[in-house]
1. Given the residues GLU686, GLU664, GLU681, which is the only one that is among the charged types (D, E, K, R), under 21 Å from SER362 (Cβ atoms) and assigned by the TED database to the domain that holds VAL509?
2. Checking ALA370 against (1) surrounded by fewer than 21 Cβ atoms within 10 Å (Cβ to Cβ); (2) not assigned by the TED database to the domain that holds GLN442, which test does it fail?
3. Out of everything in region 213-255 that is in a loop (DSSP other than H, G, I, E, B) and among the small types (Gly, Ala, Ser), what residue ends up being modelled with the lowest pLDDT?
4. Only one of (1) over 22 Å from ILE58 (Cα atoms); (2) surrounded by 12 or more Cβ atoms within 10 Å (Cβ to Cβ) fails for LYS291. Which number is that?
5. Which of the residues spanning region 10-58 are β-branched (Val, Ile, Thr), at pLDDT 75 or above and not in a helix (DSSP H, G or I)?
6. Return the only residue of ALA201, ALA218, ALA193 being out of contact with any Pro (no Cβ under 9 Å at 6 or more places or on another chain), surrounded by fewer than 21 Cβ atoms within 10 Å (Cβ to Cβ) and under 22 Å from ASP145 (Cα atoms).
7. Against the definition (of a type outside the set (Gly, Ala, Ser), touching a Pro at 6+ places or on another chain (Cβ under 6 Å) and over 26 Å from LYS219 (Cα atoms)), how does ARG328 come out, yes or no?
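The values are calculated or read from the model by the stated rules, or taken from the named source; none is laboratory data. On a predicted model such as this, the values are computed, not experimentally measured, just so you know. Here the Cβ positions follow ideal geometry from the backbone for every residue, glycine too, while neighbour counts run over all protein chains shown.
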Amino acid sequence: MVAKPEDKAMHQLQGQQSELLDKIDELRSIGVGGLVELPQLIVCGSQSSGKSSVLEAISRVRFPTKGTICTRFATEVILRRKPQAKVKVSIEPGDSRTDERERERLRSFTSEAFSSDNDLKNLINQARDFMGISDNVDQHAGFSDDVLKIEISGPDKPELSLVDLPGLYTSASKEQSKEGIPIVRQLTERYMAKSRSIILAVISAKVDYHIQEVLDIAKDHDPHYERVLAIVTHSDKLDEGSDEEERYLQYIRNESIKLKLGWHALVNRNHKMRDVPDDERDEEERKHFAKGRWASLPRAHVGIDRLRHRLSKILLKHIAGNLPTLIRDIDQKIDDRKQSLAKLGTARPTTRDQRGFLLNISSNFQQITAEAVNGFYNKEFFGGLSDELLESGDARRLRAVIRELNEYFADAMSVHGFRRQLPEDVCEVPQPLSDFENPKFQSYLNQWIPEKVTEKDIMNQMIRQALNNRGIEFPGNANQLLIGELFRDQARPWRDIAQYHLSQAWGSVNEFVQLAFEYLADDSTKKALLADIINPRLDMLRNSLDDKLDELLSYTTSGHPLPIGRSFLQRIQSCRTNRQLQSLRNNLILNSKNPERSTSEEWQTKFTLRDLKNAATQAQSSDGQFAVADIVVQMQSYYETAIVIFIDNVAILAIENCLLRPLEHIFSNQVINKMDDEEIERLAGESQEVKEERERLSRELKKLEAGMRTLSTFNVDRPSSNRPSPLDAHLTSPSRSPAPSRKRSSAHHRGNPPAIQINGSTNGINHRGGLESGEVY
């Protein structure tokens, strides 16, 4: 049996490469196309630019063109290879159709028992009427975002997708209103925005190029023109030898506006040729490009025969290049659906089912919380060890966050934990380990700014305090109660800094809990659990933190310092010795005949016994002042011991004991077992929306898993062999070797996707999902 002309025209897109095209069409047929972007060709341009004629020339299937009546909706043409020739038509409702009954009515439109071009013309008109599109501009905008899908099957048809979009226009007429202008543009942009669409930008040579905006729109979605092929129609309408003709010749040579896929020139049917056979139309086109300056163009860039060849190669490479990311996208969406279904759980019509659902959530919550508190981040909830995660301080890694906050707290207490900053010879402020420029650390430091005082100021103030608080102590001594008063005054910032630290720690725990329940439960269950169970218990933990802080600070508001241990005595003795030596040295310098030589090490070692006696006498004459200074030394020594204990107590007795340790028990099995049936129903009962969501996710999961099985022949795990496949010969240039494959380590690919292998070999496309540069099509 002799094949029909339209079948022979598309035979160029068959052969060795049909495996890839078949699989993509199979994905579309099982519904994966509605969940992930699939590679396709889209035909777009201004009205009357010849889009439909280009589509007709490529497919050899007649599409209706009636004067000024342009396409009013997107038409997806799917050419499929089947034993018998037939046409199947359906309507996919657009996003503007919000009424579910109307959507179902549109989906009911179908017809598939005809094969002639005349039948197709009548069918498109029927579909337009079914969508409610009228020629009467006063009644409708005249355009629809619904999609007419036409599947043309035949024994020799390839698997190919072509989309004819409504023509762009900028002014209203009696056939089309101004309301349709943005509708058409939005529809065109929606298809162009899909990164796996090859944009066939149709430009008519009959119309001034500068008023045809199709390339400008394409650039918004493909800035480097990597997936745009410009098709110049009506090239025979240009005056021979004119400047306009030369301008278009430069375009087609890719000299003026450079496109990665290049340009192509065609001759469209005119009115006289509307009924001539396709072969005669093609012959007239060949004659045109064989004369004049058109003969200087590369033959690969003119004529419908060569356009079919270019599209075959471009589409095939585009599909092959996108397969790694397509597989990754499907894999990711499978994981997303599984996680969402896991959150929803199985259907739970009875109270027993609902209680079991909550028990499962509580068990998982306790496991995740225990790992987070102990710093074991093995579960999927915690994510991977990516650089972004490490830099951001992910709240899921609770132990790491708490340790960081504890370090900020300890450093802030060390450098800003005192009301007055004493002189360095009395109090040496340690350098913090935290970065002063870190905003989180700065927020801790901002809780209190110490007041800087000189040694003279502090001594004068303490002398006045000592005189005002004299008791029964012996002369030359100060009232020991001053130590407690001075310590309590110096420790005043502790509460502000500690309160801020506890609020930060509680906030981190609260964020962790929110993320955990977002991971473990569906949105409805999560909201119910947080509102009724979790948040009240978190508030109880917050209150216990406040109570513990009051307890830890109680000795800073009343009582008397009671230092215990040798470290305090050793620190006191060391400070006293240093102060006595400093006083003796100062007096020796003042009494010397050459005080300006006081810095000379050799001179300082030469003193008489009289010099030492006079210096010691002067030191004894200031015993009252020395006693006051000793009070400051004792206070500071006790302060340095107490602040270390306080920091540790806040971290251990408050945060660990009152916040982290009881955290996993805020939603335990015991909590659920104590609930009555009414409370269980309120927390875990299913609404109609949840049931519908589970059904939707289950349907989508089945489609995606079927899609993954469809692509299972493209192995991304097995190393490539040296045996080339026929597809490699088609895709790979002679000077380029096949790229090595990468092993797919998990369901989530990071970085560049792996190479795709077909029959044990890799293709010759780049692994960014685009087309190889440096090739001419």
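1. When all the criteria are applied, what remains is GLU664.
2. (2)
3. Start the filter on region 213-255 by keeping residues that are in a loop (DSSP other than H, G, I, E, B), which leaves 213, 222-227, 234, 238-242, 253-255.
Cutting the leftovers down to among the small types (Gly, Ala, Ser) gives us 241-242.
Details: GLY241: 88, SER242: 92.
Result: GLY241.
4. It fails just one condition, (2).
5. VAL36, ILE42, VAL43, listed by residue number.
6. Details: ALA201 fails: surrounded by fewer than 21 Cβ atoms within 10 Å (Cβ to Cβ); ALA218 fails: surrounded by fewer than 21 Cβ atoms within 10 Å (Cβ to Cβ).
Among ALA201, ALA218, ALA193, only ALA193 is out of contact with any Pro (no Cβ under 9 Å at 6 or more places or on another chain), surrounded by fewer than 21 Cβ atoms within 10 Å (Cβ to Cβ) and under 22 Å from ASP145 (Cα atoms).
7. It is true that ARG328 is of a type outside the set (Gly, Ala, Ser), touching a Pro at 6+ places or on another chain (Cβ under 6 Å) and over 26 Å from LYS219 (Cα atoms).
To keep it simple, each residue is scored yes or no on (1) free of Cβ contacts under 8 Å to residues at least 24 places away in the same chain; (2) touching a Gly at 6+ places or on another chain (Cβ under 8 Å).
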| position | (1), (2) |
| --- | --- |
| SER173 | no, no |
| LYS178 | yes, no |
| VAL184 | no, yes |
| HIS210 | yes, no |
| ILE217 | no, no |
| HIS224 | no, no |
| LEU229 | no, yes |
| LYS237 | no, no |
